[in-house]
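Here's the structure, in structure tokens; my notes come after.
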Amino acid sequence: EELYRISGWGDPYFSINAAGHVTVSPRGDRGGSLDLYELVKALKLRNLHLPLLIRFSDILQDRLERLNAVFAKAIARYNYNGIYRGVFPVKCNQQRHLIEDLVRFGAPHQFGLEAGSKPELMIALALLDTPEALLICNGYKDREYIQTAILARRMGQNTIIVLEQLEEVDYVIEECRRLGIRPVVGVRAKLSTKGIGRWGTSAGDRAKFGLTLPEILQAVEKLRAAEMLDCLQLLHYHIGSQISAISVIKNAIREASQIYVELAQLGAAMQYLDVGGGLGIDYDGSKTNFYASKNYSIQNYANDIVAEVKEACDERNLPAPTLISESGRAIAAHQSVLVFDILGTSDVTVEIPEPSDESEHLIIQNLYETYCSISVENYQEAFHDATQFKEEAVSLFGFGYLSLTERVRAERLYWACCASILAIVRQQDYVPDDLEDLEKIMASIYYANLSVFQSAPDTWAIDQLFPIMPIHRLDEEPTQRGTLADLTCDSDGKINQFIDLRDVKHILELHALKPLNASSAQSNSNASNHEPYYLGLFLGGAYQEIMGNLHNLFGATNAVHIQLTPKGGYRIEHVVKGDTMQAVLGYVQYDVEDLVENVRRKTEQALQERKITLDEAQQLLQNYEHSLSRYTYLSP
Ligand code: PLP
């Protein structure tokens with residue numbers, strides 16, 4: 001538990017059971033749990049191969065309930081005279097089954113949706129059917145977007161058009177006149193309160209979206225002139241995602257509350273205050289304002305928003321607005337787990353070296369002496385000596401003064417030195433700066449059956465940290481330290497940053513792969529020569545799926561939706577098969593029939609030239625055609 005900090009980031013959904021497997025409690029504290037390792041085994045028997053994305057609908061529901069519950073509690077605690085009506089930002093995870101679930105789970109709370117683009121508006125308009133729920137229309141808009149949003153009010157959708165650009169005000173006024181329908185309009189303010197961390201530039205005067213205060217005043221005047229100031233009912237802001245410090249959230253709501261009351265004073269019929277997203281996730285479990293964490297609870301978040309808005313409205317004797325939040329990450333991150341297998345490892349070979357004597361090259365004798373001398377007193381110096389001797393050996397080899405065998409001997413001695421030094425370093429409370437990289441240098445590479453670009457793009461794009469850990473063998477001490485390399489032929493296709501207590505570590509504690517014993521090797525029809533070793537990437541349910549790309553043509557992974565049954569078992573609600581090779585080739589405009597025909601023609605040619613036998617040609621064509629209908633990832 002300590003090693004992977006699961007009780008920090010996993011609570012209340014993920015923990016470790018007595019069998020040493022990860023347990024999932026999809027309903028949080030409300031009972032019912034599943035053994036993740038056993039679940040994966042059962043899914044594999046249904047031909048759902050790894051990498052596999054498992055979505056737990058109950059977690060999604062629990063997150064949504066929690067968000068509503070904290071706002072309800074804060075509203076009661078501060079005697080707030082308004083209500084909370086959240087929306088889910090579709091951009092965070094647009095998968096149909098997930099949005100359908102959200103609409104269903106959200107119905108008792110009149111939970112709505114937020115669209116940030118025209119395609120997302122199409123989703124929201126078709127799927128949202130909760131009578132009082134809101135449909136917040138954000139993002140850049142053209143006339144068609146605005147028309148559609150206004151017309152949708154006729155079919156009972158509570159669309160609110162949030163003005164992000166000054167031209168949109170004119171479009172709205174014109175379309176409202178043309179259609180004879182009065183819309184509900186909001187303005188997105190560029191707050192001066194800046195977010196922090198990765199998405200900090202979402203706010204501030206030079207932010208990409210929203211209106212500056214002078215522009216908001218211009219919008220008010222335009223609407224007033226068009227006799228539409230009664231349509232302006234909402235103020236929105238979004239200061240960035242994953243806000244790790246509560247102070248930033250407080251400053252933003254304080255500033256926004258003042259803008260809200262000023263707008264009401266100017267004559268707008270203000271009713272809604274939309275605080276955007278930003279509610280953070282504790283990816284590393286440290287509960288700090290480190291970027292992978294947050295120093296507040298979800299209850300603190302709701303309390304601060306409710307208290308600040310109430311104070312500002314009370315001071316001006318204004319009715320309290322309906323509070324809207326657009327939390328995406330906080331709702332969707334926990335619900336999915338990506339499980340992937342390890343295909344093999346590459347380890348630094350460390351052997352106890354044979355003694356050296358005067359018959360060997362001086363550089364080898366030096367390395368051997370360094371190796372023999374390593375102690376707690378001199379390990380730092382020994383590291384520098386060993387490194388220098390190794391570099392000299394490489395350069396001597398380059399000039400032809402060292403044979404290949406001698407160079408290999410020198411390298412082995414160097415690794416033996418590093419291993420001895422590392423053993424001492426691990427015992428120390430303080431690690432000197434120059435030895436910090438030793439763990440990294442000595443780490444094994446674990447080859448993972450996944451594409452980082454498809455399944456965890458933010459680890460590559462913005463160095464985001466996700467909790468990653470084995471989902472079984474957790475009753476065994478992990479003896480290895482490794483980094484992960486993915487299947488792509490790209491040196492960026494790796495994960496070498498992992499969560500640590502308020503920090504980043506560059507290795508992950510892992511288990512040595514267990515060789516298959518003779519009997520299981522026989523019964524194992526797969527080519528793998530080790531027992532399966534499964535890792536899970538957790539809290540990746542927000543943004544990763546849609547941002548994932550097809551680098552090297554590794555496609556979407558298999559996905560399943562799992563729901564607990566009242567009797568304590570589970571039901572597979574939906575299976576969404578991952579991309580086949582045929583599908584990914586289609587995305588880049590290949591017609592598989594043409595491809596097969598090309599290969600067939602080539603085999604015919606080779607047959608004519610007697611370069612291939614008929615049997616071989618048949619086999620090749622069969623493999624080719626068969627592969628096209630297969631998963632893009634490796635079969636173990
Ligand atoms: N609302 C808007 C306007 C956004 O741009 C975003 C995403 O950055 C969100 C809501 C969701 O933010 P989060 O996932 O941090 O809750």
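Return the only residue of ARG178, ARG188 being away from the ligand (no atom under 16 Å from the Cβ) and either β-branched (Val, Ile, Thr) or modelled with pLDDT of 95 or more (or both).
Numbers: ARG188 fails: away from the ligand (no atom under 16 Å from the Cβ).
One residue alone meets the criteria, ARG178.
Quick one: which of ASP458, ASP475, ASP434 is more than 22 Å from SER346 (Cβ to Cβ), part of a loop (DSSP other than H, G, I, E, B) and touching a residue at least 40 places away in the same chain (Cβ under 8 Å)?
Numbers: ASP458 fails: part of a loop (DSSP other than H, G, I, E, B); ASP434 fails: part of a loop (DSSP other than H, G, I, E, B).
Unique residue meeting the criteria: ASP475.
In the stretch 360-383 there is no residue that is surrounded by 12 or more Cβ atoms within 10 Å (Cβ to Cβ), of a type in the set (D, E, K, R), over 30 Å from LYS505 (Cβ atoms) and within 44 Å of the chain's Cα centre (by Cα).
For (1) β-branched (Val, Ile, Thr); (2) outside the structural domain of TYR80 (by TED's automatic domain parsing), each residue gets a yes or a no:
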residue	(1), (2)
LYS294	no, no
PRO321	no, no
THR345	yes, yes
SER395	no, yes
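Residues of the stretch 302-344 that are within 16 Å of the ligand (Cβ to nearest atom), among the hydroxyl-bearing types (Ser, Thr, Tyr) and part of a strand (DSSP E or B): SER336 alone. Per this entry, THR483 is not counted among residues that are polar (S, T, N, Q) and more than 20 Å from PHE554 (Cβ to Cβ). Out of the stretch 100-132, which residues are more than 15 Å from the ligand (Cβ to nearest atom), in contact (Cβ under 8 Å) with a residue 40 or more places away in the chain and charged (D, E, K, R)? Listed by number, the residues that qualify are ASP101, GLU132. If you go through the stretch 92-149 and keep only what is in contact with a strand residue (DSSP E or B) (Cβ under 9 Å, 6 or more places away or on another chain), of a type in the set (D, E, K, R) and under 23 Å from LEU166 (Cβ atoms), you end up with GLU114, GLU120, LYS141.
Could you please let me know if GLN265 is surrounded by fewer than 24 Cβ atoms within 10 Å (Cβ to Cβ), at pLDDT 95 or above and within 19 Å of TYR78 (Cβ to Cβ)? Reasoning before the result, please.
Numbers: surrounded by fewer than 24 Cβ atoms within 10 Å (Cβ to Cβ): yes; at pLDDT 95 or above: yes; within 19 Å of TYR78 (Cβ to Cβ): no.
No.
LEU266: assigned by TED's automatic domain parsing to the domain that holds ILE173 and either without any contact (Cβ under 8 Å) to a residue 60 or more places away in the chain or farther than 25 Å from ILE331 by Cβ (or both), yes or no? Yes.
Condition check ((1) assigned to a loop (DSSP other than H, G, I, E, B); (2) in contact with a Gly (Cβ under 7 Å, 6 or more places away or on another chain); (3) surrounded by 24 or more Cβ atoms within 10 Å (Cβ to Cβ); (4) not polar (S, T, N, Q)) across all residues:
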{"position": "SER247", "(1), (2), (3), (4)": "no, no, no, no"}
{"position": "ILE253", "(1), (2), (3), (4)": "no, no, yes, yes"}
{"position": "SER286", "(1), (2), (3), (4)": "yes, yes, no, no"}
{"position": "ASN289", "(1), (2), (3), (4)": "yes, no, no, no"}
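Of the listed requirements (1) at pLDDT 95 or above; (2) touching a Gly at 6+ places or on another chain (Cβ under 7 Å); (3) not in a loop (DSSP other than H, G, I, E, B), GLY200 misses just one: (1). In the stretch 204-262, the qualifying residues are those that are within 16 Å of the ligand (Cβ to nearest atom) and among the hydroxyl-bearing types (Ser, Thr, Tyr), and the one that is nearest to the chain's Cα centre (by Cα) is SER241.
If you take just the strands (runs of 3 or more DSSP E) that sit entirely in the stretch 520-636, which of them hold at least 3 residues that are over 20 Å from the mean Cα position of the chain (by Cα)? Give the derivation first.
Numbers: elements: 534-537, 558-564, 570-576.
Output list reads 570-576.
Restricting attention to the stretch 133-147, the residues that are touching a helix residue (DSSP H, G or I) at 6+ places or on another chain (Cβ under 6 Å) and within 16 Å of the ligand (Cβ to nearest atom) add up to 4.
The values are calculated or read from the model by the stated rules, or taken from the named source; none is laboratory data. Since the structure is predicted, the reported quantities are computational estimates derived from the model, not experimental observations. Note that we place each Cβ from the backbone using ideal geometry, even for glycine, and neighbour counts take in every protein chain shown.
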